[in-house]
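To start, the structure under review is shown below, and the notes come after it.
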Amino acid sequence: MKWHYDKELANYPVEWIEEYCTYPDGPMAGEPLQMLDYFKEITREAFGWVDEQGNLKHNVIYCEVPRGNAK
(Lines give C-alpha, C1' and ligand atoms only; values in the text may rest on other atoms or scores of the structure.)
Protein backbone atom coordinates (compact mmCIF):
# COMPACT_ATOMS: atom_id res chain seq x y z
CA MET A 1 0.00 0.00 0.00
CA LYS A 2 1.43 3.36 -1.01
CA TRP A 3 0.56 6.59 0.81
CA HIS A 4 0.72 10.09 -0.63
CA TYR A 5 0.08 13.57 0.76
CA ASP A 6 -2.85 15.43 -0.82
CA LYS A 7 -2.61 19.17 -0.04
CA GLU A 8 -6.17 19.92 -1.18
CA LEU A 9 -7.61 17.17 1.00
CA ALA A 10 -5.41 18.26 3.93
CA ASN A 11 -6.63 21.87 3.79
CA TYR A 12 -10.33 20.99 3.54
CA PRO A 13 -11.00 20.38 7.27
CA VAL A 14 -9.05 23.51 8.28
CA GLU A 15 -11.03 25.66 5.86
CA TRP A 16 -14.32 24.05 6.93
CA ILE A 17 -13.66 24.61 10.64
CA GLU A 18 -12.69 28.25 10.14
CA GLU A 19 -15.71 28.92 7.92
CA TYR A 20 -18.52 27.12 9.79
CA CYS A 21 -17.44 26.83 13.44
CA THR A 22 -17.83 29.66 15.95
CA TYR A 23 -16.77 30.31 19.52
CA PRO A 24 -19.59 29.02 21.77
CA ASP A 25 -19.25 31.51 24.65
CA GLY A 26 -17.10 34.21 26.18
CA PRO A 27 -16.14 37.57 24.73
CA MET A 28 -15.79 36.12 21.21
CA ALA A 29 -19.10 34.20 21.23
CA GLY A 30 -20.46 33.84 17.71
CA GLU A 31 -17.20 34.92 16.05
CA PRO A 32 -15.62 32.55 13.50
CA LEU A 33 -13.15 30.15 15.06
CA GLN A 34 -9.51 30.87 14.19
CA MET A 35 -7.27 27.83 14.54
CA LEU A 36 -3.75 28.27 15.85
CA ASP A 37 -0.97 27.44 13.38
CA TYR A 38 0.25 24.35 15.25
CA PHE A 39 -3.30 22.94 15.36
CA LYS A 40 -3.71 23.58 11.63
CA GLU A 41 -0.55 21.56 10.99
CA ILE A 42 -1.75 18.67 13.18
CA THR A 43 -5.10 18.67 11.35
CA ARG A 44 -3.42 18.74 7.92
CA GLU A 45 -1.16 15.83 8.86
CA ALA A 46 -4.16 13.83 10.08
CA PHE A 47 -6.28 14.36 6.95
CA GLY A 48 -3.64 14.76 4.23
CA TRP A 49 -2.16 11.24 4.02
CA VAL A 50 -4.25 8.91 1.87
CA ASP A 51 -3.78 5.75 -0.20
CA GLU A 52 -4.73 5.15 -3.84
CA GLN A 53 -8.40 4.58 -2.92
CA GLY A 54 -8.60 7.76 -0.78
CA ASN A 55 -8.55 5.97 2.59
CA LEU A 56 -7.00 7.99 5.40
CA LYS A 57 -3.71 6.70 6.78
CA HIS A 58 -4.48 7.68 10.38
CA ASN A 59 -7.53 6.49 12.31
CA VAL A 60 -6.66 8.15 15.62
CA ILE A 61 -4.67 11.29 16.35
CA TYR A 62 -3.55 12.02 19.89
CA CYS A 63 -2.12 15.42 20.75
CA GLU A 64 -1.22 16.49 24.26
CA VAL A 65 -0.44 20.15 24.92
CA PRO A 66 0.94 21.38 28.27
CA ARG A 67 -1.00 23.92 30.28
CA GLY A 68 -0.53 27.60 29.45
CA ASN A 69 0.24 27.25 25.74
CA ALA A 70 -2.73 29.23 24.36
CA LYS A 71 -4.86 26.17 23.69
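Summary table below
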{"item": "The chain: Rg to Rh, with Rh as the Kirkwood radius over Cα pairs", "result": "1.05"}
{"item": "Nearby aspartates and glutamates by direct alpha-carbon distance to residue 2 (threshold 12 angstrom, same-chain neighbours under 8 apart not counted)", "result": "51, 52"}
{"item": "Loop-resident sites, the chain, for GluC sites (Glu not before Pro), counting at most 15 other Cβ within 10 Å (DSSP)", "result": "52, 64"}
{"item": "Chain lengthening between residue 14 and residue 64 when straightened (0.36 nm per residue, less Cα-Cα)", "result": "16.1 nm"}
{"item": "Average accessible area per residue (Å²) across the chain - probe 1.4 Å, nucleic acids and ligands excluded", "result": "82 Å²"}
{"item": "Rule-of-thumb Rg ratio for segment 1-40 [Cα; 2.2 N^0.38 Å; N residues]", "result": "1.53"}
{"item": "The chain - percent of accessible surface contributed by carbon and sulfur, probe 1.4 Å", "result": "55 percent"}
{"item": "Between helix 7-20 and the chain: long-axis angle, C-alpha atoms, 0 to 90°, nearest 10", "result": "20 degrees"}
{"item": "For the chain, built as a Gaussian network whose Cα springs stay under 10 Å, the top-fluctuating residue of 61, 42, 17", "result": "61"}
{"item": "Most mobile of 37, 51, 25 in a GNM of the chain (Cα contacts under 10 Å)", "result": "25"}
{"item": "J(HN,Hα) series, segment 56-67, from Karplus relation 6.51 cos²θ - 1.76 cosθ + 1.60, nearest Hz, glycine and proline x", "result": "5, 6, 9, 9, 9, 10, 10, 10, 10, 10, x, 4"}
{"item": "Net charge dipole size for the chain [Lys, Arg +1 and Asp, Glu -1 on Cβ; Debye, nearest 20]", "result": "260 debye"}
{"item": "Label zone at residue 57 (point 7 Å along Cα-to-Cβ), backbone N below 17 Å, segment 23-44", "result": "41-44"}
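The values are calculated or read from the model by the stated rules, or taken from the named source; none is laboratory data. For clarity, every value in this text was computed on a predicted model and none was experimentally measured. All Cβ positions, even for glycine, are placed from backbone atoms using ideal geometry, and neighbour counts span all protein chains on display. Accessible surface areas use protein heavy atoms only, side chains included; no ligands, DNA or RNA. Shrake-Rupley method; radii C 1.70, N 1.55, O 1.52, S 1.80 Å.
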